[in-house]
1. If residue 46 meets every condition in (1) within 21 Å of residue 96 (Cβ to Cβ); (2) surrounded by fewer than 23 Cβ atoms within 10 Å (Cβ to Cβ) apart from one, which number is that one?
2. Exactly one condition in (1) over 25 Å from residue 148 (Cβ atoms); (2) in contact (Cβ under 8 Å) with a residue 60 or more places away in the chain is not met by residue 56; state its number.
3. Looking at 135, 180, which one is at pLDDT 90 or above and either buried (at least 19 other Cβ atoms within 10 Å of the Cβ) or out of contact with any helix residue (DSSP H, G or I) (no Cβ under 7 Å at 6 or more places or on another chain) (or both)?
4. In the stretch 81-112, which residue that is surrounded by fewer than 17 Cβ atoms within 10 Å (Cβ to Cβ) and in contact with a strand residue (DSSP E or B) (Cβ under 7 Å, 6 or more places away or on another chain) is farthest from residue 59 (Cα to Cα)?
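The values are calculated or read from the model by the stated rules, or taken from the named source; none is laboratory data. It should be emphasised that the depicted structure is a prediction, and the values quoted were computed from it without experimental measurement. Cβ: placed from backbone, ideal geometry, glycine included. Neighbour counts: every protein chain shown.
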Amino acid sequence: MENKNLDVVLIIPAHNEATRIGAVLDEAIKARFVNEIIVVNDGSTDDTAKVAKEYNEVKVINCRSNGGKGAALKAGLDSADAKVFVFIDADLMGLKAGHIEDLIVPLFSDEELEMTVGKFVAGRVATNLSQSIVPQISGQRAFKKRFLEDMLDFSNSGYGVEVAFVRQAKRRQSKTKEVPLANVTHVMKEEKMGLHKGVLARLKMYWDMFFHLIKETKEGRNRF
């Protein structure tokens, strides 16, 4: 499997992740099969963009304001073309290049498969548990370009973007595959922001997911 023939774009949304994104990029640039890495700096007020720009292999897109995860991912998709797109979070811990490759390879070995979704295993109890309770919140996924056909607009979905991808798979009756990401986890919001602000941010994340689910149902099928 030759890298040059795959046309894989890796998109990393990032908001105020200057102290964490470097570790993710160190592994991302080593991942086989990835042709382009895009960091979408989602209105960060720290040095996220500066850190990302230190990597020659990385393209950085700067958003003027913090539009949320959905808007950041949409900006990344709008700036690239590929056979396969990969999303990973900027605050992952324990990520290895092989984890990224594990998300990609099944899509090229199985013509019917349209999306892979990463699931934390053998990592931290709290993050493993949250993914078990609400599996669609996984920010680690890869999918074929055709998966985006006729997808509902998710640019204003915030963290509800994960729900949008799950519902797209259901609408298309897409074949998907869960990929275990051993020893991978991420920094929890309560650790980044302190207990009070972190809990509020987590509640907002769950609200975005619920609100987007309801909004999709009411608005029907808007074109992507």
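1. (1)
2. Every condition holds for residue 56 apart from (2).
3. On the way: 135 fails: at pLDDT 90 or above.
One residue alone meets the criteria, 180.
4. Among those that are surrounded by fewer than 17 Cβ atoms within 10 Å (Cβ to Cβ) and in contact with a strand residue (DSSP E or B) (Cβ under 7 Å, 6 or more places away or on another chain), it is 112.
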